[in-house]
Amino acid sequence: MNAITWATFEPLLPEMLLVCTGLVLIGLDLFAEKTREVLPWLTVLGCVTVLGMVLGERNVSAFGGMFLTDSYGVFFKVISLLSVIMATLMGEHYRRVHGLRHGEYYALMVFAATGMLIMASAGDLMVLYLGLELMALSVYCLVGMNKREAVSAEAAIKYFLMGVFASAIMLFGMSLVYGLTGSTSIAEIARFTARTGLAENPALLAALGLMIAAFCFKVAVAPFHFWTPDVYEGAPTMVTAFMSVGPKAAGFAVFGRVLVSGFPELQPHWGSLLAILALLTMAVGNITALVQTSIKRMLAYSAIAHAGYSLLGVLAGTADGLSATMSYLLIYGFMNMGAFAILVLLSSRGAHHESLDDYRGLAKNHPLAAVLMLIFMFSLTGIPPTAGFIGKFYLLRAALGAGYTGTVIGAVIFSAISAYFYLRVVRNMYMSEPEGELDFSYSPGISAVLGLALLGVVGLGLLPGTIIGRAASALLGQ
Amino acid sequence: MLMLLFFCYCAVVIIGTGLLAVTLRNPVHSVLMVLILFFHMAMLYLSLGAEFLAAVQVIVYAGAILVLYLFVLFLVSLKEELRMPRFVSSAWLGRLIAGGLAACLLYILPVFSTGARGNWPAERVREITPTRALATEMYSASVLPFEIAGLILLVAVIGGLLLARREKDSSNTNG
């Protein structure tokens, strides 16, 4: 038996620091009410420190392969931490405008980040599941944070019920895999399958099917997306922004890790299954988004559609494909956070200003906000030279390279359809007369989010090589 | 043979009470069904030689968690059943999917093959007693999942407080 010493926990230092940050936040919130104003900045400080530590991580396999700090995990950790940082900064603005008095918001955000970091590094199904539960539990609470609003509570209970159901299905799949292979280690599952020719066994396919269904639920892929619009609409806007980026990226991290490292021999099966699901997801997301009148709900359907695009890289099952998905999720994180930040910016106390009509003539009175929204909408559509175009380009190329021509054609068609509802926002902002006066001001928090998102969308659009290279090397160096 | 019969009895009761727990209208009856379910789970653990797990199952689940459920039921005392609109309009669609899933899982039953043996064959577990085996495994090889599980409990407590705490009037505290 190996003795457990402090050295064993060394690869876990960033996660431990994050947990400590969360505990300090809770403590300060409880015992020093006066410090509430510094809580968001403390959260950001903690997350940035952890981000630095994560970037400096060496490639080690700790706890007998249960925890892997490879560059694949590091990439997803960066996306998760960025989403937490931006959501925290939005929370800072929200606190000023709406009087958010929950210090737990930041602590739960940090604990959710810990869960996502664990998911990104999980080399074992047990660790993967626990990381996922840690993240999900924090997010359930964040969704229901606004207790005074019935929609928020309804969203939380819906998300919770559907989430635990998906977790149960995932656990069932995992237990079947454990029974078939005798191990919960992802690498060991792949080794055992290759050695004994288990890939022919339909039982393994059924087990994998159950796990895929649950993963699809977590990243909102049709037909497991029914919870998404209601939950995204009911949750506080910054939580919606966070959910659509961080937990989704972490979900894709385990999706890619389990399928590509754990079941490489079943790729023909899960590849074609995911191709169908991706098409269905893009169809449902894009077509339903056409008829939405609330921008928040539209962005929820757009999040479903983007989950479909991101699947294009996973289904290829190649290093190229995964790196395309990874870069796309990073880019999506920036542009989606940006769009939601505008939503948060425009909302005022008592009125959310989330309908399409509220954006009429925005360019006249608030040209800066309108230009930023324009850039984020262009990027979400995938118009060059924004980063959204680069991301989609690499995804389509990866899926085409793997031979999924039909899915790629579908993706292009649905992408063209999506231009209608994204650009409708732009048309409302620039080509209509203002109806009512919107009154808002830029706080340091929201300005920082918008700046970061703008930098990401434009920077990654103009200099795509660096990020794609980093994502590709992440897989080669695995 | 006797063990097989015992297993079948437990399995049938677990499935039956599980179904009843979700279909019965009276929540107290549901909780009682879950109680029977927990006891039969404990019996299954016993038949597998995991006395400690069986004891924990009875003490924690049947003893503590169920009583907590009952407390919640008494405190909330819902007079009327809460009805929410369905996600999927047709109940038959759901039954069809569930039936299909069950058929798939029954289909794979004959081809199910057991995987590699782990580090803990039954003789070794019996030799050092299951409790010690569980502890050794949990605090050495599985210490990371164990710690994460602890963190999950912490989040559950914080989240529960956040959702259950009564809010002060927000009109006079303009943040």
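The values are calculated or read from the model by the stated rules, or taken from the named source; none is laboratory data. Bear in mind the structure is a predicted one, so any value in this text is a computation, not a measurement. Cβ atoms come from the backbone with ideal geometry, glycine included; neighbour counts cover every protein chain shown. When the accessible area is computed, the model is the full protein with side chains, heavy atoms only, and any ligands, DNA or RNA have been set aside. Shrake-Rupley method; radii C 1.70, N 1.55, O 1.52, S 1.80 Å.
Structure values in brief
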item: Cα-Cα over 19 Å, subset of A:296/A:392; A:77/A:392; A:77/A:248; result: A:296/A:392; A:77/A:392
item: Spacing of the two label points (7 Å from each Cα toward its C-beta) at residue B:96 and residue B:71, in nm; result: 4.5 nm
item: Between 0 and 90°, nearest 10: helix A:125-143 axis offset from chain A longest Cα axis; result: 20 degrees
item: Those residues of the stretch B:106-130 for which accessible area with every protein chain present is at least 40 Å² below the isolated value (1.4 Å probe); result: B:108, B:111, B:112, B:113, B:115, B:116
item: The stretch A:277-333-the stretch A:39-93 distance, computed between alpha-carbon centres (Å); result: 23 Å
item: Principal-axis tilt of helix A:237-256 within chain A, Cα atoms, nearest 10 degrees; result: 20 degrees
item: Tilt relative to chain A, helix A:71-98 - C-alpha long axis, 0 to 90 degrees, to 10; result: 30 degrees
item: Inter-part distance where the stretch A:186-230 and the stretch B:82-153 are each reduced to a Cα centre, Å; result: 15 Å
item: Relative contact order for the stretch A:252-351, counting Cα pairs under 8 Å that sit 6 or more residues apart, in percent; result: 26 percent
item: Cα-based shape type of the stretch A:179-227, given that a ≥ b ≥ c are square roots of the gyration tensor eigenvalues and the cut on a/c is 1.5; result: prolate
item: MRE, 222 nm, helices only [DSSP H, n ≥ 4, -39500 (n - 2.57), over chain A, to nearest 500]; result: -25000 deg cm²/dmol
item: Whole-percent carbon and sulfur share, accessible surface of chain A, 1.4 Å; result: 68 percent
item: Loss of accessible area when A meets B, both sides summed, Å² nearest 100, probe 1.4 Å; result: 4200 Å²
item: Rounded percent of accessible protein surface that carbon and sulfur make up, the stretch B:1-78, 1.4 Å probe; result: 83 percent
item: Three semi-axes of the equivalent ellipsoid, the stretch A:35-150, Cα gyration tensor, whole Å, largest first; result: 29, 17, 9
item: Cα pair distances in the protein assembly as shown, grouped into 20 Å bins until the bin that holds the longest one, percent each; result: 18, 53, 27, 2, 0
item: Å² per residue, accessible surface of chain A at 1.4 Å; result: 33 Å²
item: For the stretch B:122-165: accessible area per residue (Å², 1.4 Å); result: 58 Å²
item: Förster radius 45 Å - calculated FRET efficiency between residue A:351 and residue A:458, Cβ distance, rounded to 0.05; result: 0.90
item: Gyration tensor verdict on the stretch A:277-350 (Cα atoms; rounded if a/c is under 1.5, prolate if a/b is larger than b/c, oblate otherwise); result: oblate
item: Rounded accessible area of residue B:113 (nearest 10 Å², 1.4 Å probe); result: 40 Å²
item: Cα gyration tensor category, rounded, prolate or oblate, for the stretch B:1-125 with a/c compared to 1.5; result: oblate
item: Added length on full extension, which subtracts the Cα-Cα distance from 0.36 nm per residue, residue A:60 to residue A:33; result: 5.6 nm
item: Average accessible surface area per residue within the stretch B:1-78, 1.4 Å rolling probe, Å²; result: 68 Å²
item: Candidates per trypsin sites (Lys or Arg not before Pro) in the stretch B:18-118, loop by DSSP, up to 12 other Cβ within 10 Å; result: B:25, B:79, B:83, B:86, B:117
item: Relative contact order, percent, chain A [alpha-carbon distance under 8 Å, six or more residues apart]; result: 16 percent
item: List of the stretch A:191-210 residues, accessible area with partners at least 20 Å² below that of the chain alone (1.4 Å probe); result: A:192, A:201, A:202, A:203, A:206, A:210
item: Shielded by partner chains, the stretch A:94-124 residues - at least 30 Å² of accessible area, 1.4 Å probe, vs chain alone; result: A:101, A:102, A:104, A:108, A:111
item: For the stretch A:1-137: relative contact order, % (alpha-carbon pairs under 8 angstrom, 6 or more apart); result: 29 percent
